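Data block below; observations after.
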Amino acid sequence: MVEDNDQGTAANMPFLALSAPGFSTKSGAVFAARDQHWCARTPLGLAVLSYDHVGRLLRDRRLRQGSYAWPQSQNARGSFAAFWQRSVISQEGAGHQQLRQVAIAALDEGFILSLVPAFDAIAQRLCDGLKDRRECEFQADFALPFSGQAICVLLNLPQDRWQSVARDASTLGLAMGLNYKTHEDKVNAACDRLMHLADQLIGSAERGEDREGLAARLIGAAQKFPKIGRQELLDLIVILMFGGVDTTRSQLGFLMALFDRYPLQWQALKCDPTLVPNAIEEAIRAWPTTTWVTREATESFVYDGVEIAKGTTLHLLVHVSAKDPALGPLREFDITAKQRRHHGFGGGAHHCLGHFVARTDMASALRALVVALEDFKIIGTPRYLADSGNTSPEVLPIAYRLAPDV
């Protein structure tokens, strides 16, 4: 336990209106709160603001994954809420560990790297589609089709299925925002369609028609764990489809928005394409699609002077903690700098299962884009989801010049 001190009393902690309409985790109020204290009170529990505290609490065994309670907090009803309660995200203990072992075995590094040529081909086809134009809506014309087709590769699905998969997976992302109830009907419908697709994939693998896709690999990995049944495998496929599409689509959009703000960084990448992996990490640090990671206290304890009662929800704010002055002088976006590891994929027992898939397919997309486009800029009015929960560019219109050799 971290020793107590007097700075952590509730009276000394700032307050953040985390659930207020229009609240942004990137606002000046959040940064001011972090400068005042490592922790803030909110209507939804406590917000953790400093880099070191976020990193340590992600791994603290007195906390469990807090997102399991999200549907209940939003008064959610229907198939999505039921699925979320069953999923690996909501499990703890031995059951959770077994589900993770199955998913990690199915998504091993060798398998994901074997998909890189297919990811590269998708990115190249989409870039070829940009050649006859000089403007596009990046999310609709590149980010969404890329992420949808990449997940089809992972699932060993025909590429022409990407639109329905991507649409439904992106719709599930709306369930992670504070305005969930306004989207509940379409979220439940999307969840039903994805579950039906997962059932088809498992059935195909069980009949031996698919021996190479994710479903077949999950079935093989699950043989070591008799308690993992068909429903658990269906839920794993749906959560991986959801995360695979939503993370890649959203983060690619934020990556381009950052390069628009810092065009010299785009030129640096063109000069040195080996910076692609670092550019992706820097984008997640600078503008993450997951704005906070949630944990819940399973016992009462005192942490760095703050009393945390059993059942308290802690929101570990990813963006503001990555900009902590304790990390030293940080530029807003610098793909040439090596920073300490960000928390955009969470950490500890619930570290994101698909992080290597996301890093790998986004790298394929960025490699193709930096070869195809000499430069670009955002035009018109981009539109973004609120900077709370899971966020994303909704509309990102860009104008671009093709690279001379293209």
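Quick note: the coordinates plus some simple rules give every number you see, no bench work behind them. In this text the structure is predicted, and so the values were computed from the model without any measurement. We place every Cβ from the backbone using ideal geometry, glycine too, and count neighbours over all the protein chains shown.
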Ratio of alpha-carbon Rg to the 2.2 N^0.38 Å globular estimate for segment 168-264, to two decimals, please. 1.35
With the alpha-carbon atoms as the only input, what is the per residue convex hull volume for segment 1-151 in Å³? 203 Å³
For the chain, what does the relative contact order come out to in percent, with C-alpha contacts under 8 Å and a separation of six or more? 27 percent
Using the Kirkwood radius over Cα pairs, work out the Stokes-Einstein diffusion coefficient for the chain at 20 °C and 1.002 mPa s, in µm²/s as a whole number. 98 µm²/s
With runs of 4+ DSSP H residues as the only contributors, calculate the mean residue ellipticity of the chain at 222 nm using -39,500 (n - 2.57) per run, divided by the residue total and rounded to the nearest 500. -15000 deg cm²/dmol
Assign unit charges at the C-beta atoms only (+1 for Lys and Arg, -1 for Asp and Glu), then state the dipole size of segment 249-381 relative to its Cα centre in Debye, rounded to the nearest 20. 180 debye
For segment 214-280 and segment 145-165, what is the separation of their Cα centres, given in Å? 13 Å
Excluding residue 99 itself, calculate the net charge of residues whose Cβ lies under 11 Å from the Cβ of residue 99, where each Lys or Arg counts +1 and each Asp or Glu counts -1. 0
From the Cα centre of segment 330-355 to that of segment 24-66, the distance in Å is 16 Å
Lysines within cross-link reach of residue 270: Cα-Cα under 19 Å, excluding same-chain residues under 8 positions apart? 131, 338, 377
Two decimals is fine: what's Rg over Rh for segment 251-406, C-alpha atoms, Kirkwood radius as Rh? 1.04
Working out 0.36 nm times the residue gap between residue 405 and residue 134, then minus their Cα-Cα distance, what length gain in nm do you get to one decimal? 96.0 nm
In whole Hz, what ³J(HN,Hα) sequence does segment 376-389 give by Karplus (6.51, -1.76, 1.60; θ = phi - 60°), x for Gly and Pro? 7, 8, 6, 10, x, 10, x, 10, 10, 5, 4, 7, 8, x
